[in-house]
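Reviewing the structure listed below.
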Amino acid sequence: MTTPTVLDREMYSEAEAARLLRLPQSTLNYWLEGGERRGRLYRPVIRVEPRGERAPVTWAEFVEAGLLRTYRRRHNVPMAELRAFIDRLRDRYGVPYPLADRRPFVVDLQLVHEAQDEAQLQADFCLVAEVRGQFVLTAPSDEHFHRVTWANDIAVAWRPHDDAGSPVRCAPDQRFGRPAVGGISTEVIWEHSVGGEDDEEIAEAFDLALSDVEWALAYEKPFRTAS
């Protein structure tokens, strides 16, 4: 029997995961549960099998959805090809969440390239490309790799902020996976700011660097101005 890891931890409702990923919930549900499009039934991309619309989103599912989100910003995500590709990686690594694992992005680029070819994955969705005889990460997979904090090949944190310099992180062992900086929820920092406290006061109250407060507010602002 496989020992559960942090990747298996149930973290979010589907609606909350979609909000943090800045995705339409219908899109996330389609990746998690599959569905019917144009008269054709599709199995999930992220889950091995559907679990039901009310099933919580695990940490690994959230991280893998973060990768698909990066590709979605550029193109539509092809369900059938990606499913076949991820199934091949599952078989080769013997893990259910191969895209929440560091090895495909660093150690086994040739294996990933072979899996892409076998699945006939479109070039726009490949994680790895061959350049002058060397295997390299494509731009979307490199962006995803650097959004994730890795420990022993497992994703242990994810940067929700698009700015690469941001210290804001979602982590399963911190603030129930909600965005935080310096161990303090960005939502709490925002609430103190709109309550009238200036950045210096907030930093002193929570023992944070002033830059941490500024990053937290920069992350929260688009959420608040859009609502």
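Any idea which residue in the range 55-91 is modelled with the lowest pLDDT, counting only those that are charged (D, E, K, R) and in contact with an Asp or Glu (Cβ under 8 Å, 6 or more places away or on another chain)?
Residue satisfying both the conditions and the ranking: Arg74.
Taking Ser141 as meeting all but one of (1) closer than 30 Å to Ser13 by Cα; (2) free of Cβ contacts under 8 Å to residues at least 60 places away in the same chain; (3) assigned to a helix (DSSP H, G or I), write down the number of the exception.
Every listed condition holds for Ser141 apart from (2).
So which of Glu197, Glu118, Glu214, Glu114 ends up being charged (D, E, K, R), in a helix (DSSP H, G or I) and more than 30 Å from Arg88 (Cβ to Cβ)? Full working, then the answer.
On the way: Glu197 fails: in a helix (DSSP H, G or I); Glu118 fails: more than 30 Å from Arg88 (Cβ to Cβ); Glu114 fails: more than 30 Å from Arg88 (Cβ to Cβ).
Matching residue, one of Glu197, Glu118, Glu214, Glu114: Glu214.
Can you pull out every residue in the range 74-85 that is within 17 Å of Pro24 (Cβ to Cβ) and free of Cβ contacts under 8 Å to residues at least 40 places away in the same chain? Full working, then the answer.
Of the residues in the range 74-85, the ones within 17 Å of Pro24 (Cβ to Cβ) are 74-77, 79.
If the condition is that a residue be within 17 Å of Pro24 (Cβ to Cβ) and free of Cβ contacts under 8 Å to residues at least 40 places away in the same chain, then Asn76 is the only one that fits.
Scan the range 189-227 for residues that are crowded, with 16+ Cβ neighbours inside 10 Å, closer than 26 Å to Trp59 by Cα and free of Cβ contacts under 8 Å to residues at least 24 places away in the same chain and report the count.
Of the residues in that region, 0 qualify.
Could you tell me which residue of the range 139-153 is farthest from Val128 (Cα to Cα), considering only residues that are of a type outside the set (S, T, N, Q) and surrounded by fewer than 20 Cβ atoms within 10 Å (Cβ to Cβ)?
Start the filter on the range 139-153 by keeping residues that are of a type outside the set (S, T, N, Q), which leaves 139-140, 142-148, 150-151, 153.
When the remaining residues are screened for being surrounded by fewer than 20 Cβ atoms within 10 Å (Cβ to Cβ), the result is 139, 142-143, 145-146, 150-151, 153.
Numbers: Ala139: 9, Asp142: 9, Glu143: 12, Phe145: 12, His146: 15, Trp150: 19, Ala151: 22, Asp153: 18 Å.
Filtering first and then ranking leaves Ala151.
Can you tell me which residue within the range 28-82, out of those that are assigned to a helix (DSSP H, G or I) and of a type in the set (S, T, N, Q), is surrounded by the most Cβ atoms within 10 Å (Cβ to Cβ)?
The selected residue is Asn29.
Would you tally the residues in the range 1-14 being more than 20 Å from Trp150 (Cα to Cα) and modelled with pLDDT of 95 or more?
The number of residues fulfilling the criteria is 3.
With the structure loaded, tell me whether Gly177 is crowded, with 20+ Cβ neighbours inside 10 Å, touching a strand residue (DSSP E or B) at 6+ places or on another chain (Cβ under 9 Å) and over 15 Å from Ser166 (Cβ atoms) or whether it fails that test. Can you show your working first?
Details: crowded, with 20+ Cβ neighbours inside 10 Å: yes; touching a strand residue (DSSP E or B) at 6+ places or on another chain (Cβ under 9 Å): yes; over 15 Å from Ser166 (Cβ atoms): yes.
Here the answer is yes, as Gly177 does meet what is asked.
How many residues, within the range 105-126, are modelled with pLDDT under 95, in contact with a Pro (Cβ under 7 Å, 6 or more places away or on another chain) and within 14 Å of Leu67 (Cβ to Cβ)?
1
Filter the range 133-179 down to residues that are out of contact with any Cys (no Cβ under 9 Å at 6 or more places or on another chain) and on the phi > 0 side of the Ramachandran plot, then give me how many there are.
5
Pick from the range 92-101 the residues that are touching a strand residue (DSSP E or B) at 6+ places or on another chain (Cβ under 7 Å) and either assigned to a loop (DSSP other than H, G, I, E, B) or among the aliphatic types (A, V, I, L, M) (or both): which of them is modelled with the highest pLDDT?
Among them, the one singled out is Ala100.
The values are calculated or read from the model by the stated rules, or taken from the named source; none is laboratory data. Note that the coordinates shown come from a computational prediction; the quantities given were computed from them, not determined experimentally. Neighbour counts are summed over all protein chains in view; Cβ atoms, including those assigned to glycine, are modelled from backbone coordinates with ideal geometry.
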